[in-house]
Amino acid sequence: MAAQDLQIQPRRSTYLTPQTHSVSYVNTAELGEPEGASLLLSALKRRWWLFLIIIGASGFVGYKAMDMFGEVSSRSTASLIQTGLPNAPGGGEVVKPVGPATCAELIKSTPILSKLRKSRDLQISPKILSELIETKTSRGSSLLTIEMAGKKPKDCMDNLNELLAIFVEEMAQHRKRTLSNQMTHVENALLEQRAKVADARQRIFEVQAEQQKVLEEGGLNSERYRSILSSVSNTQLNVDEKRVEQMGVMQQIEAIRQKRQGLDEQVEGLLEEFKTQLSRKLASKLNRIRDQITKGSPVYVELTNLAESAQQFATSADAPMEPQQWQVELYTMVTDSNVALPQRDLDDVGDLFDEQVEAFGFRLREIETQRSQLVKQEEQLELSMIPLKNQIKMLETRLQDYQREADEIGEQLTGIGADRYGAYELSLEQAENQQKALSAQLENMSQLEKCRVREWSISVPASLETTQVSSNGTKVFALAFGLCGLVLSAPVLASEWYRQQTPPQVEFANSLRLPVLAERILQDFEPRRRNRIVPAQLSEEQLEVVRMLALRIQQSSHSDGSVMLFSSIDPKYSPAPLLASVAECLAQREEKVLIIDAVCPEKSPLPITNVVPLPRNAADLGQANSQQAGEDQADHAGLSEYFASACDSVGDLARPTGCPGVDLISSGHTAFPREALASSSLTELVEQCRESYSIILVNSPAATASADLQMLTARADGIVLAATKEVRKNPNARAAVVDLIELGAPIIGVVA
């Protein structure tokens, strides 16, 4: 063979060079790590039936968990109201009622809860029972709300209603016990007070007897004493008359003040009416201006908001109290808005303000006139009070002088002073009043002790309307469903995640900028899975890959007799099954295909004869004849015999296969000569084959056998490399492919 035959010279200039290998049919280099959402969607598309099974199984597990661990709980609500007791006939508070805040603690006390346990036969301690009860009350409120938790709604309602009844009766009994103890104390105090009344009466009786004795002796018949007593009586009468007159004047002043207060309230109401009507009319005016503008425009929206603000300004907490300042701020709100109103509209707003001010100003002036008149009358009456006060003060001073002089004369005559007698009378009066009060209190307490009215009553009893039933079954179901679904889905998602990861062989191809013709397909053409490739047994995905690969080979072969090499980067893997399937696909496209097994029989991991289909006539002869046909096919001459000059023509080497349009030249039975693939005889054989076949598919040595593959590459129009995941473990794989690229080998792409 000439030296130029060993130099790789592709027959066409259309093959990709190392600088143009950036185009990939399967762009896996840009995929990166799969996102969570895309991972889930991809898994659903591929394994939707498996997810349906997982959902069904998770639902069953969740239902069983809900049935086993689900619990129903209920919470009933009721309320008590403090109605109080009947009022005491004499007035006053007989017994201090217990407030709602204290009752909220008493209702959870151990004695009351013990009675509930005994009444309802509850097998639960008072401490735990108190934890199931919650009380709520507000300051100043007579209402006490009680909530009780339980399992069954009916039992929860009955327990709460029974607790309320026990509490109401317990509070009534508490009131009776308290009153009984207090009545004993009041009875003892009443006995002591009666003794004081009797002692005071005895002292007054003794003084009266002594005065009577003096009167019988005529000691009080002096003219001076009678004159002073008459002056005391007349002066007291004048004082009473002046006080009555003073009281009348004060009543007149109070009546005038009430009228003034009524006028002030009218003024306040009138001002509020003025603010409301002005705001409403201004808002109506702004709405009329807004209706003249296109609906939905910015000015339309701004006028709508301005009208609402003007409408609410009357009741706004930020509005000033003074009407004038209020009116100024309302007008400023319109003028300072983002809407530039025409001057005509601003003049109309100003006229509206003037009309309202004029309408309400007349009514305000009338009220102010009436108020001024009342103020003048009040001032006149207050001036008339000055001489009355002076006259009363003067008469009271004169009365005191007369009284003091009468007491001095009476004490001289009887020896008993007015102070002493008055003290006795005051003591008697206080003792009698205290006795009456104690008697009334004792009577009221006795009546309340016998009263059947309860100071606490049930306002809202526990019922179905006030009971909230809940269950943790939904939570248990959701938890069990989620956990089971997560556990069962994890292997599916992990498998999908692994499937979406960029395979090492694809990363290898991308790092060398080689086109990737197909991913994850070589494992479907491994010899241990399939001894003979039968197209009817291929899946749709496998058939689509084979068809695309056949299309790429056809696109790369622009004339008849194109030679396409199939080589594996991994020396332990044979692309023979994939080559056989591509050959059959090309034959179905009316191509005349020849398969050449150019791998030395001693170095071949899988002879091509083990994967190509048998001839149809041999397949139709039955099992025995089929076996004999296979042996005949194996005994037929191949390349090794051709290199040994045992045969000379293609007709002696090529044999038909079970696929119409596909012929086979096997590797033979003996080892190839050392430089057989570089011989001129192989070149002549290939040239002869070009004349008879449109496409020649060559099962080539592995890429790591660089010398043999490069010698074959010199005669090839295209190369398809098969890359398994073992490329990352083989340090020579990258160097071998880089050598092919640097030599300008016509690499069509990589099948991973």
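Just a few scattered comments:
- Residue within region 126-133 that is modelled with pLDDT of 85 or more and more than 37 Å from the chain's Cα centre (by Cα) present: yes
- Matching residues in region 447-459 - criterion: being surrounded by 14 or more Cβ atoms within 10 Å (Cβ to Cβ) and either at pLDDT 90 or above or part of a helix (DSSP H, G or I) (or both): Q447, L448, E449
- Of all residues in region 726-752, those satisfying the criterion of being surrounded by 20 or more Cβ atoms within 10 Å (Cβ to Cβ) and either in a loop (DSSP other than H, G, I, E, B) or not small (G, A, S) (or both) are V727, V737, L740, A745, P746, I747, I748, V750, V751, A752.
- One residue stands out in region 705-725 among those that are farther than 14 Å from P575 by Cβ and of a type outside the set (A, V, I, L, M): the one that is surrounded by the fewest Cβ atoms within 10 Å (Cβ to Cβ), namely K725.
- Any hit, region 680-691, residues being touching a residue at least 12 places away in the same chain (Cβ under 8 Å), part of a loop (DSSP other than H, G, I, E, B) and more than 60 Å from the chain's Cα centre (by Cα): no
- Options L374, L388: the member that is aliphatic (A, V, I, L, M), within 30 Å of I228 (Cα to Cα), modelled with pLDDT of 85 or more and surrounded by 15 or more Cβ atoms within 10 Å (Cβ to Cβ): L388
- Which numbered condition W326 misses (of (1) modelled with pLDDT under 75; (2) out of contact with any Pro (no Cβ under 9 Å at 6 or more places or on another chain)): (2)
The values are calculated or read from the model by the stated rules, or taken from the named source; none is laboratory data. These figures come from a predicted structure and were not determined experimentally. Here the Cβ is made from the backbone with ideal geometry for all residues, glycine too, and neighbour counts use every protein chain on show.
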